[in-house]
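Have a look at the structure below before the remarks.
The values are calculated or read from the model by the stated rules, or taken from the named source; none is laboratory data. Quick caveat: nothing in here was measured; it's all calculated off a predicted structure. For neighbour counting, all protein chains shown are included, and Cβ atoms are generated from backbone atoms with ideal geometry for every residue, glycine included.
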Amino acid sequence: MKKVITGNHAVSYGAQLARSQVIAAYPITPQTQIVELLSEFCASGKLNAKFIKVESEHSAMSACIAAAATGARTFTATSSQGLALMHEMLHWAAGARLPVVLANVNRAMGPGWSVWTDQNDSLSQRDLGWLQFYCESNQEVMDTVIQAFKIGEKVLLPVMVILDAFVLSHTSEPVDIPDQELVDRFLPLPPVNLPYKLDVEDPHAFGALTSPDHYYEIRFKIQKAQDEAVQVAKEVDEEFKNILGRGYGIVEPYRCDDAKLILVTSGTITGTARIVVDSERVKGRKVGLLKIRMFRPTPIKELREILPRAQKVVVIDRNISFGHSGVFCQEIKSALYGLPVQPTIFGFIIGIGGRDVTAQDIEEIVDYASKTEKPDSIILWRGVRL
C-alpha cells in the first residue's frame, strides 16, 4: 500500500509493523506525532502494545529498559533536549545489552531554543554503545525502523534511527507500506529471545555492582558486538531487500568509481548533494558521493575501500564538535589514517540550527575544493553571516 505520509508517521508505521509490544511516550517537538499516531494504533486495536505515558524522557527510557529486560519488543522516540535528558539511561540500555529501538528526530540543542535540525543531539550520544542509522527519506525511515529491531535483537544492542527535523519529520512523501505478512516473514515475532531476562520463575539480579574483575570484560563484549553489527546490518539489509524489495546498505556510493572528488554526506543533505554530483558531471568534473547511513559502528572497511579512489574527499557536516571540527570529518580522518595513499580531506560545517542547505551551497563547496590544493583550515564554515 502506497501512502503519502510524514517522516514522523513513517516511524510510527515502522514501529507498528515490527509489532512493538511496549511503547514509552513523552512528547517533544518535532517528535510528538510519532507517539501520537502510535497511541491511536494502540487505542484502535491495530497494535497490541502497552502504551506507557511517562513524565519525562528519562522515565521513557527507564520504562523501555525494564520492558526490554523481560524480552518485550520495545520502542520510544524523542528529540534534542529529550535525548539529552535520557543520557544516563542510554548508558544503562547499552550496558545491559537490551535491543531497545529509539527514533530520534534531529533537532538543534539549546540555548538559544531551536526546533530546527542539526545532528548535535544524536552525535553527542555516539560513544554510549548504541547503533546509529541516519536516514535520507521517509521510505528509508520506515524501513530502517523495521530493520533496527532485527539488527538490535541479533547483536543485543540498542539502536537509534535518526531523521532530520521538519525536512523529513513534517514533510510528506510517498511511502510504500508493506503487508504485515511480509514484515512477519522478515522479522521474528516477539518476545525477544534474551539469554537472561526478568522472569519470576527464574530470578536473576540485574544492574548490580560490578567489580573490576568483570566490568572490563563487559565493555569488551559491547565492542565485539559493535564489530559484529557491521556484517549483521549488511545481512539484515540484504534479507530485507529479498523479501520487501528495497535495500540501502550501510553506506551508499554514487558515481564514485572514477571520481576525483568525493562528497561525504548523511541525512537529507544527501539528496541535494546527489543532484549536485549529476550537474558537476555535466560540467566535466568527476565528482562522486558517499552517503553514510550507518554511523555506529563506523563502517571503516567501506570508507577505506571507497574514499582513497579519489584525490580529494569533502565531508559535509551538519554538526560540530566544539574545540575540534565536524564529527563525521573527524571519524573519516581517523578511519583513513595509516593508508599508504590518502586523499586530501576538506571538512565543511553547514546548516547548523536548520539553516537551509541548497544546491548552490554544495556547488560552491565543490568549486572551492576543486580549485584548492589543501584546505585553509581544519574547519571550513559555509554560510556564516557576520
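Here is a yes/no grid of residues against (1) outside the structural domain of residue 93 (by TED's automatic domain parsing); (2) out of contact with any strand residue (DSSP E or B) (no Cβ under 6 Å at 6 or more places or on another chain); (3) more than 24 Å from residue 70 (Cβ to Cβ); (4) of a type in the set (Phe, Trp, Tyr):
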site: 148; (1), (2), (3), (4): no, no, no, no
site: 173; (1), (2), (3), (4): no, yes, yes, no
site: 180; (1), (2), (3), (4): no, yes, no, no
site: 216; (1), (2), (3), (4): no, yes, yes, yes
site: 231; (1), (2), (3), (4): no, yes, yes, no
site: 235; (1), (2), (3), (4): no, yes, yes, no
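Looking only at the range 346-381, which residues are in a loop (DSSP other than H, G, I, E, B) and more than 16 Å from residue 267 (Cβ to Cβ)?
Our first condition is that a residue be in a loop (DSSP other than H, G, I, E, B); within the range 346-381, this holds for 350-351, 355-358, 372-379.
Across the range 346-381, the qualifying residues are 372, 373, 374, 375, 376, 377, 378, 379.
For the range 225-238, give me the residue count where each residue is out of contact with any Leu (no Cβ under 7 Å at 6 or more places or on another chain), within 11 Å of residue 154 (Cβ to Cβ) and in contact (Cβ under 8 Å) with a residue 40 or more places away in the chain.
4
Mind checking which pairs have a first residue in the range 78-89 that is within 17 Å of residue 353 (Cβ to Cβ) and a second that is in a helix (DSSP H, G or I), Cβ under 6 Å, 6 or more apart or different chains?
80/121; 83/121
Scan the range 25-59 for residues that are over 12 Å from residue 103 (Cβ atoms) and of a type in the set (Gly, Ala, Ser) and jot them down.
Result: 39, 43, 44, 45, 49, 56, 59.
Could you run through the range 123-143 and say how many residues are basic (Lys, Arg) and out of contact with any strand residue (DSSP E or B) (no Cβ under 8 Å at 6 or more places or on another chain)? Lay out the reasoning, then the answer.
The initial filter retains those residues of the range 123-143 that are basic (Lys, Arg), namely 126.
Imposing the further condition that a residue be out of contact with any strand residue (DSSP E or B) (no Cβ under 8 Å at 6 or more places or on another chain) reduces the set to none.
Going through the range 123-143 one residue at a time, the tally reaches 0.
Considering only the range 186-220, state which residues are among the charged types (D, E, K, R) and surrounded by 14 or more Cβ atoms within 10 Å (Cβ to Cβ). Before the answer, list the steps.
As a first pass, look at the range 186-220 and keep what is among the charged types (D, E, K, R): 197, 199, 201-202, 213, 217, 219.
Scanning the range 186-220 gives a single hit, 197.
I'd like the residue in the range 107-139 that is aromatic (Phe, Trp, Tyr) and within 18 Å of residue 28 (Cα to Cα) and, out of all such residues, is surrounded by the most Cβ atoms within 10 Å (Cβ to Cβ). Step through it out loud before you land on a result.
As a first pass, look at the range 107-139 and keep what is aromatic (Phe, Trp, Tyr): 113, 116, 130, 133-134.
Now drop any that are not within 18 Å of residue 28 (Cα to Cα), which leaves 113, 116.
Working: 113: 9, 116: 18.
Checked the range 107-139; the qualifying residue surrounded by the most Cβ atoms within 10 Å (Cβ to Cβ) is 116.
Quick one: in the range 33-71, which of the residues that are within 25 Å of the chain's Cα centre (by Cα) and of a type in the set (Asp, Glu) is surrounded by the most Cβ atoms within 10 Å (Cβ to Cβ)?
57
Of the residues 276, 264, only one is in the same structural domain as residue 333 (by TED's automatic domain parsing), at pLDDT 95 or above and farther than 25 Å from residue 124 by Cα; which?
Within the list 276, 264, the selection yields 276.
Quick one: residue 260 ticks every box in (1) of a type in the set (Lys, Arg); (2) more than 30 Å from residue 105 (Cβ to Cβ); (3) under 24 Å from the mean Cα position of the chain (by Cα) bar one, so which box is it?
Result: residue 260 passes all but (3).
Tell me which residues, restricted to the range 34-64, are of a type in the set (Lys, Arg) and either at pLDDT below 95 or farther than 23 Å from residue 172 by Cβ (or both). Walk me through it before giving the result.
Residues of the range 34-64 that are of a type in the set (Lys, Arg), as a first pass: 46, 50, 53.
Within the range 34-64, 50, 53 qualify.
Can residue 305 be described as in a helix (DSSP H, G or I), without any contact (Cβ under 8 Å) to a residue 12 or more places away in the chain and out of contact with any strand residue (DSSP E or B) (no Cβ under 6 Å at 6 or more places or on another chain)?
Details: in a helix (DSSP H, G or I): yes; without any contact (Cβ under 8 Å) to a residue 12 or more places away in the chain: yes; out of contact with any strand residue (DSSP E or B) (no Cβ under 6 Å at 6 or more places or on another chain): yes.
Judged against the criteria, residue 305 is a match.
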